[in-house]
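Asker: Before anything else, here's the structure in question.
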Amino acid sequence: MSDTLFTATEFREPMPTPGRPYRGPEEMLLGTYESEKDAIDVARARWRDHRETSSNEVAWWLVRRQGENLARWIAESRSDVERVLDLTTNELVEVNR
């Protein structure tokens, strides 16, 4: 097993319920992977599936090295743009496909 693992995580912002307090986003770990590519493939598939639905629910997906706070890959349900972390600047940049 690799010393470096990557996590794919999904966050969903539930539609507000009138009269109920805001609960914040719901977080769901999609899995832990030895390969960054495998983690991105899983998160990318969930992102694409969600975008094909008629859901108004805001969601986003992150891939990170386990234990890190900076995302290596990120996508958001209202956008068709994927972003990756530029390790030289620590900034998210668009993926050119």
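The values are calculated or read from the model by the stated rules, or taken from the named source; none is laboratory data. Predicted model, so just to flag it, every value in this text is computed and none were measured. Don't worry about glycine lacking a Cβ; one is built from the backbone with ideal geometry, like all the others, and counts go over all protein chains shown.
Asker: Among the listed residues Gly19, Gly31, identify the single one that is assigned to a loop (DSSP other than H, G, I, E, B) and at positive phi.
Answerer: From the options Gly19, Gly31, the qualifying one is Gly19.
Asker: Across the stretch 5-60, what is the total count of residues that are hydroxyl-bearing (Ser, Thr, Tyr) and modelled with pLDDT of 90 or more?
Answerer: Here is the first cut: in the stretch 5-60, the ones hydroxyl-bearing (Ser, Thr, Tyr) are 7, 9, 17, 22, 32-33, 35, 53-55.
Narrowing further to those that are modelled with pLDDT of 90 or more: 7, 9, 32-33, 35.
Matching residues across the stretch 5-60 total 5.
Asker: Any chance you could count how many residues in the stretch 36-60 are part of a loop (DSSP other than H, G, I, E, B) and either exposed (fewer than 12 other Cβ atoms within 10 Å of the Cβ) or in contact with a helix residue (DSSP H, G or I) (Cβ under 9 Å, 6 or more places away or on another chain) (or both)?
Answerer: So the first thing to find is which residues in the stretch 36-60 are part of a loop (DSSP other than H, G, I, E, B), and the list is 53-57.
Filter again for either exposed (fewer than 12 other Cβ atoms within 10 Å of the Cβ) or in contact with a helix residue (DSSP H, G or I) (Cβ under 9 Å, 6 or more places away or on another chain) (or both), leaving 53-54, 56-57.
Residues meeting the conditions: 4.
Asker: Any idea which residue in the stretch 70-97 is nearest to Met28 (Cα to Cα), counting only those that are modelled with pLDDT of 85 or more and not in a strand (DSSP E or B)?
Answerer: Ser77
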